[in-house]
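Report on the following structure.
Values in this text are rule-based calculations from the coordinates and carry no lab data. Source: prediction; values computed, not measured. Ideal geometry is used to build each Cβ from the backbone, glycine not excepted, and the neighbour counts take in all protein chains shown.
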Amino acid sequence: MAVNLKRSSGGGTAEVNVSRRRMLGWITGTGLVGSGVLSALSNFVFIKPRATYGQPQRFSIGKPDDFPAGTRITLEARRICVVREGSRLAAISTTCTHLGCIVGLSDTGFACPCHGSRFDTDGTVTGGPAPRALPWFKITLAPNGEIEVDKDIEVAPGSYLTL
């Protein structure tokens, strides 16, 4: 079966015979090319990483003058407690080692409000289900005079930065 198409060119019309086989071949080819292009575009979208990065683990918390001697200040957004004893400064995690709850300051040190873990002022476990002490993080003085905490580096409990 042939399909007759009339095409006008210039002053006259020309009749083009396109067979059914050629028309189905053209439609099939167009469909295959279209699906190949769509598949390639989908793969490029899939390959692009969709990683979401959390807060940086090394950050500045301010100048030493922001932390007067004898204070224990929690920075809830960063999940640390900054301890200043005289001219010494330390950063202790406020994330409970049991299930990751945020511990709060208490009269005796730290207390987990969720499961009842208790820690002394150095973060050592004194009661509850917590399996280990609260980690201490490396703390340094940056060249611009600000204090930097690096949560990727744990230090031994009792490790203070001397200012």
Q.
Test of understanding: in a Gaussian network model of the chain with alpha carbons linked when under 10 Å, which of THR30, THR95, THR108 would top the mean-square fluctuation ranking?
A. THR30
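Let me know the shape class of the chain, please: from the alpha-carbon gyration tensor, a ≥ b ≥ c as square roots of the eigenvalues, rounded when a/c is under 1.5, otherwise prolate if a/b is greater than b/c, or oblate.
Numbers: a/c = 6.32, a/b = 3.52, b/c = 1.79.
Prolate, because a/c is 1.5 or more and a/b exceeds b/c.
How much length, in nm to one decimal, is gained on full extension between ARG88 and ALA40, taken as 0.36 nm per residue of separation minus their Cα-Cα distance? Please report the intermediate quantities before stating the final value.
Details: separation 48, 0.36 × 48 = 17.28 nm, distance 5.90 nm.
Full-extension gain reported as 11.4 nm.
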**Q.** Distance in nm between pseudo-label sites at THR121 and ALA69 (7 Å out along the Cβ direction from Cα)
**A.** 1.5 nm
Q | C-alpha long axis of helix 20-47 to longest principal axis of the chain, angle in ° | A | 10 degrees
Q: Answer with one residue from PHE110, CYS81, GLY127: the one whose Cα lies farthest towards the positive end of the charge dipole of the stretch 59-162, charges on Cβ with Lys, Arg +1 and Asp, Glu -1.
A: GLY127
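At a threshold of 8 angstrom on Cα-Cα distance, excluding pairs fewer than six apart, so keeping six or more, what relative contact order does the chain reach in percent? Don't jump to the answer; show the numbers that get you there.
Values: 267 pairs, mean separation 26.9, N = 163.
This gives 16 percent for the chain.
For the chain, what does the helix formula give at 222 nm: sum of -39500 (n - 2.57) over DSSP H segments with n ≥ 4, over the residue count, nearest 500 deg cm²/dmol? Working shown, then result.
Numbers: 1 runs with 28 residues, N = 163.
Value at 222 nm, helices only: -6000 deg cm²/dmol.
Quick check on the exposure proxy: order ARG50, ARG79 from fewest to most C-beta atoms within 10 angstrom.
On the way: ARG50 6, ARG79 15.
Arranged by neighbour count, lowest to highest, ARG50, ARG79 become ARG50, ARG79.
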(Q) Can you give me the distance in nm between label points at VAL33 and GLN57, each placed 7 Å from the Cα along the Cα-to-Cβ direction? (A) 5.1 nm
